[in-house]
Amino acid sequence: MRTPLLAANWKMYKTVGEAEAFVSALLGGTEGVDLAGAEIVIAPPFTALPAVATGVRGTGIGVAGQDLHWEAEGAFTGAISAGMLVEAGATHVIVGHSERRRLFGDTDDAVNRKTKAALAAGLIPIVCVGETLEERDGGEMPAVLTRQVRGGLNGLSAEQVGTLVVAYEPVWAIGTGRTASAAQAGEAHAHIRSTLSDAFGADAADSCRILYGGSVKPGNVKELVAQADVDGALVGGASLDPNSFHQIVAGGRGTEL
Ligand code: PEP
């Protein structure tokens, strides 16, 4: 059985103070978040990563970078290495988010290098894949996902693939309020899992968690994770509010608040 994983991608939102306030509210609100039966990861901006890591220490909540460079150090202005993320308290790192692919030019090859660098440093990569609306309308969704999964994970061992996380994020559903239907998500996730199985074997494919991302909210998370191959969610906008994220964690675990 794969434990559901609910990951918050804050993108370029929240100062250090706002991040600390979120963690206090999530952990110390009237209810307090119930961590049983689900894993939680928070991906703050780099500047707030140490504060979030300190705030969640001892709770089992993971902390993710939103990107990394594949080199350990060097003349790469604005970039952060895997080792630097680990030192700052990260346990995970998002790789190949569609905003990085679209706005910053990340290719499948770059995603592959970053994924390998993350694994070598002991970080769990959350490797994002997903088709554009044009690709979906052109019937290319399966081919795009196959290319991104095979390209991004090229050269990894079955064991490595079994431990990492893939996030299916259809580009047309990110930040648009337009969510994939449960059936659309289920179909894409099944395709990703069969691609993983073909490339790395059934055991690796079975262990690898595949998250859905794209306008996930408290009201739709339960239906999405009810799909056989949907193992949780990567949440952008609706993860910025602690109450909303708390409800998503509860729904992702299959319970209600
Ligand atoms: C994301 O940033 O990964 C994402 C899925 O964003 P949103 O939930 O806002 O669509």
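The values are calculated or read from the model by the stated rules, or taken from the named source; none is laboratory data. Keep in mind the model is a prediction, meaning the values are calculated, not measured. Here the Cβ is made from the backbone with ideal geometry for all residues, glycine too, and neighbour counts use every protein chain on show. The protein model used for the area step is the full one, side chains on, heavy atoms only, and it has no ligands, DNA or RNA in it. Shrake-Rupley method; radii C 1.70, N 1.55, O 1.52, S 1.80 Å.
Spatial offset of segment 88-113 relative to segment 208-237 amounts to 20 Å, using the alpha carbon center of each. If you run the Gaussian network model on the chain, springs between alpha carbon atoms under 10 Å, then out of Lys116, Lys217, Lys14 the most flexible one is Lys14. Excluding same-chain neighbours fewer than eight residues apart, the aspartates and glutamates reachable from Lys114 by a Cα-Cα span under 19 Å are Asp67, Glu71, Glu73, Glu87, Glu99, Asp106, Glu159, Glu169.
How many percent of Cα pairs in segment 1-134 exceed 17 Å?
Percentage above 17 Å: 60.
Accessible surface calculations at 1.4 Å, restricted to protein heavy atoms, place segment 197-241 at 37 Å² per residue.
How big, in percent, is the set of alpha carbon pairs in segment 90-176 lying more than 14 Å apart? Counting pairs separated by more than 14 Å, the tail of P(r) holds 62 percent. Our summary gives the chain a relative contact order of 20 percent, counting only alpha carbon pairs under 8 angstrom and 6 or more residues apart.
Listed by chain and number, the lysines whose alpha-carbon sits under 24 Å from that of Lys116, ignoring those within fewer than 8 places in the same chain, are Lys11. The accessible area of Ser81, taken with all protein chains in place and a 1.4 Å probe, comes to roughly 10 Å².
Comparing Gly60, Ser194, Val161 along the charge dipole axis of the chain, the residue lying farthest to the positive side is Gly60, per the Cβ-charge model.
With only Lys, Arg, Asp and Glu charged, each at its Cβ (+1 for the first two, -1 for the last two), find how big the charge dipole of segment 5-252 is about the Cα centre; round to the nearest 20 debye.
Using only the charged Cβ atoms, the result is roughly 240 debye.
Rolling a 1.4 Å probe over the heavy atoms of the protein chains gives segment 1-132 an accessible area of 46 Å² per residue.
When the surface is traced with a 1.4 Å probe over the full set of protein chains, Arg2 keeps roughly 60 Å² accessible.
Shown for segment 91-225: the carbon plus sulfur share of the solvent-accessible area, taken with all protein chains present and a 1.4 angstrom probe, equals 50%.
Helix-only arithmetic for the chain: the sum of -39500 (n - 2.57) across DSSP H runs with n ≥ 4, divided by the residue total, places the mean residue ellipticity at 222 nm at -12500 deg cm²/dmol.
Taking every alpha-carbon pair within segment 201-257, the share separated by more than 14 Å comes to 50 percent.
Under 5 Å between amide hydrogens, built in the peptide plane, is the criterion, and for Leu5 it picks out Glu39, Gly232, Ala233 among residues at least 5 positions away or on other chains. Calculated on the alpha-carbon coordinates, the convex hull of segment 5-252 measures out at 115 cubic angstrom per residue.
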